[in-house]
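Engineer: Structure provided below as structure tokens; questions to follow.
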Amino acid sequence: MRLAWRLNCASLDSKSNSNSHCRLFIKDVKLDCGYRLDLVVEDSVILEIKAVQELAPIHDAQLLSYLRLSGKRVGLIINFHVRVLKDGLKRVVNEFPDSAFSAPSAVKKELQG
């Protein structure tokens, strides 16, 4: 991936991985279910790269699933199909207490409403 190459050249991180596999274990059984993270920076931030007309709730759910399965807390969705790149950035935090996008908060709101 060209973005990973540019991040490495900028000395942001030599540990940036593109198309990392997200391994899933259930009761010590490894499931190869095809989760592929677009980019992982500093082994802590997952970047999900998109080029869509408009971000949909499924994109948030996808990144949140990756965060939960990998045990990471922060992820960014970057949509390149926008005029100004800052309009295509969305931050998702796993298990953030007041976040509508954190799994416990989303389940709690769904049960209440």
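Engineer: Treat each spin label as a single point 7 Å out from the Cα along the C-beta direction, and report the Leu69 to Arg91 distance in nm.
Structural biologist: 2.5
Engineer: Taking 0.36 nm per residue of separation and subtracting the Cα-Cα distance, what length does fully extending Phe80 through Ala61 add?
Structural biologist: Once the chain is fully extended between Phe80 and Ala61, it gains 5.0 nm.
Engineer: Taking 0.36 nm per residue of separation and subtracting the Cα-Cα distance, what length does fully extending Tyr35 through Val52 add? Please report the intermediate quantities before stating the final value.
Structural biologist: Details: separation 17, 0.36 × 17 = 6.12 nm, distance 1.98 nm.
Using 0.36 nm per residue and subtracting the Cα-Cα distance, I get 4.1 nm.
We did not get these values from a lab; they are worked out from the coordinates using the rules stated. The structure presented is a predicted model; accordingly, all values stated were derived computationally and were not measured. Here the Cβ is made from the backbone with ideal geometry for all residues, glycine too, and neighbour counts use every protein chain on show.
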